[in-house]
Amino acid sequence: METNGTRLRLLWSDIHGIERGKYLYGDWNARGRANFCLATFPLTFDREILPIEGLAFDVGLPDLEASIEQDTLRPGWEPGTTVGIGRLGRLGAPLPVDPRHLLEQAVSSWIARGLTPQIAFEFEFYLLRPDGDTGWAPLRTPGSRVYGTGTAVDPDGVVAAIVDAASDAGLDVEAWCTEFDDSQFEVNIRYRDAVTAADDAFLFRVLAHEIATSRGHRATFIGRPFAERGGSGLHVNISFWDAAGRNVLFDPNDPDGLSDLARSCMGGMLAHHEGTAAILAPTVNAYKRLLPDMMNGYWANWGHDDRTVAIRIGPDRGDATRLENRVPDGACNPYLAAAALLHACRFGVEDAMTMPPAQPVAAQPTGDHVPATLEAAVEAMGRDERLCDALGAPFVDAFSQLKLAEWKRYTEAVDDPMAPEPTPWELDYYTPFF
């Protein structure tokens, strides 16, 4: 793309999924990179540097390098600005805690099988206005409706501006509308290869926050910001394509149109339902959404065109065949969520897993489910040895320490950490970022 006369906003994701970056001026394309401090990775949301081995004071707070990924350059949503993603490294080697690198590793295992993972992200989020005091409240839209469009649901035009900016920045937005509750919206981004799709998802969340802020609003992607309203998910749609461009989840000779590979992938995700939860739902607030009586991915189950289960197989077949994982919410790191799910799918294929019977419609689910809290989810991830081996000890250690520190802050700040309702602490701690 043409970059003359523009600055570069070079961005990359930390473990939380928070964007880090710099504005680069002059001949930034010739320089090709920018330096940052490695100790960004052990930072909590409130900027405490945790003593995580190999990332902080024990190694002297050294540099890491972010090299410009040329194929990620795109028009930005700020005037005169190009946006690009940085490839992280240190001393010529990739960073073992870099979420994008971890996704690339997960993809490479599938490429070695002759298959290319494709992913599409469906975001749900709430749009908020100042509440007249010091906080934020949902929009008041009496004319809102499910699958709503236009000024009745987006009276200030903020969501329309977000989607227009996303399209101008090269994100292939397929659709947007309201979700179930007023002030809640859904934006669907078309499937792409896994890393590029995660780049798009990462940038979309940054863009949505900034466009909303520029218009005096706040967009929040956390799982359940309000006790009296439904939660928001991030549905991750997965498919695999062979060298001939065929979607190998589809089998025209199968009564359900599903290949053995599709069944094994689903079996793998269900088998690692508990172990992947901390990555798919990485905040205290996520477990206020993942409750047994809400439409989400609490139970380890699946169904045909069933929105109450963890893994939904929609009615589309042929090239549109996909596995829709409904556990994550929009505060997860899209690189890590995609990596964890691709590993789980691979485990299912390697072990020739089969999937259990579909969840009967309207029947009470039973069996395995996500852990009850962020702390319990981190512990469950640690017990999933295969997932931990795939992600690597440096990442698992850093992620676990960050999330347990987050849990500790929460338990020290609230009276009843096990209460199912969202607390003001969660809104204050998370919504400035997600």
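Sort the following peptides by mean Cβ neighbour count (other Cβ atoms within 10 Å, averaged over residues), highest first: 405-413, 189-197.
189-197, 405-413
Keeping every protein chain in place, order W425, W302 by accessible area at 1.4 Å, biggest value first, i.e. largest first. Don't jump to the answer; show the numbers that get you there.
Values: W425 45, W302 15 Å².
Output order, biggest surface exposure first: W425, W302.
If you roll a 1.4 Å probe over segment 15-174 with all protein chains in place, what percent of the accessible area is carbon or sulfur? Present the calculation step by step, with values, prior to reporting the outcome.
On the way: 3650 of 7300 Å².
For segment 15-174, the apolar C and S fraction of the accessible surface comes to 50 percent.
From the list (i) -0.32, -0.54, -1.02; (ii) -0.29, -0.50, -0.91; (iii) -0.41, -0.68, -1.13, can you say which value of log10 I(q)/I(0) by the Debye sum over Cα atoms at q = 0.07, 0.09, 0.12 Å⁻¹ was derived from the structure given?
Given (i) -0.32, -0.54, -1.02; (ii) -0.29, -0.50, -0.91; (iii) -0.41, -0.68, -1.13, the calculated one carries the label (i).
Highest mean first, what order results for 335-348, 73-86, 139-152, 96-109 on Cβ atoms within 10 Å? Write down the numbers at each step before the final one.
Working: 335-348: 26.9, 73-86: 18.9, 139-152: 13.3, 96-109: 21.4.
Averaged packing, sorted descending, gives the order 335-348, 96-109, 73-86, 139-152.
So which cysteines in the chain don't have a second cysteine's C-beta under 4.7 Å from them?
So, C37, C177, C332, C388.
Can you compute the helix-only [θ] at 222 nm over the chain? Use -39500 (n - 2.57) per DSSP H run of at least 4 residues, normalise by all residues, nearest 500 deg cm²/dmol.
Values: 12 runs with 131 residues, N = 434.
Result for the chain: -9000 deg cm²/dmol, rounded to the nearest 500.
For a quick check of your reading of the filter: which trypsin sites (Lys or Arg not before Pro) in segment 1-60 sit in a DSSP loop and have no more than 14 other Cβ atoms within 10 Å? It would help to have the intermediate numbers written out before the result.
On the way: sites: R7, R9, R20, K22, R31, R33, R47; in loops: R47.
Passing both the DSSP loop test and the Cβ count: R47.
Order the following by accessible area, largest value first: F41, F36. Probe radius 1.4 Å; ligands, DNA and RNA are ignored.
F36, F41
Under a point-charge model restricted to the Cβ atoms of Lys and Arg (+1) and Asp and Glu (-1), what is the dipole moment magnitude of segment 234-335 relative to its Cα centre, in debye to the nearest 20?
On the way: 9 positive and 13 negative charges, 70 e Å.
Dipole size: approximately 340 debye.
Within segment 241-317, which trypsin sites (Lys or Arg not before Pro) sit in a loop by DSSP and count at most 13 neighbouring Cβ atoms inside 10 Å?
Working: sites: R246, R263, K288, R289, R307, R312, R317; in loops: R246, R307, R317.
Answer by residue number: R246, R307.
Got a sec to turn the phi values of segment 181-192 into Karplus ³J(HN,Hα) couplings, 6.51 cos²θ - 1.76 cosθ + 1.60 with θ = phi - 60°, whole Hz, x for Gly and Pro?
Working through the residues one at a time gives 8, 5, 6, 10, 10, 10, 10, 9, 10, 4, 5, 8 Hz.
Would you mind computing Rg(Cα) / (2.2 N^0.38 Å) for segment 175-259, counting N as its residues?
Working: Rg = 17.3 Å, N = 85, 2.2 N^0.38 = 11.9 Å.
Computed over Cα atoms of segment 175-259, the ratio equals 1.45.
Specify whether the C-alpha gyration tensor of segment 258-364 places it in the rounded, prolate or oblate class, a ≥ b ≥ c being the square roots of the eigenvalues: rounded for a/c under 1.5, otherwise prolate if a/b is larger than b/c and oblate if not. Before the final figure, lay out each step's value.
On the way: a/c = 1.65, a/b = 1.20, b/c = 1.37.
Taking the square roots of the gyration eigenvalues as a ≥ b ≥ c, segment 258-364 is oblate.
The values are calculated or read from the model by the stated rules, or taken from the named source; none is laboratory data. Bear in mind that the values here come from a model prediction, so they are computed numbers and not experimental data. Cβ sites come from the backbone with ideal geometry, for glycine too, and all protein chains shown count toward neighbours. Quick note on the areas: whole protein, heavy atoms, side chains included, nothing else; ligands and nucleic acids left out. Shrake-Rupley method; radii C 1.70, N 1.55, O 1.52, S 1.80 Å.
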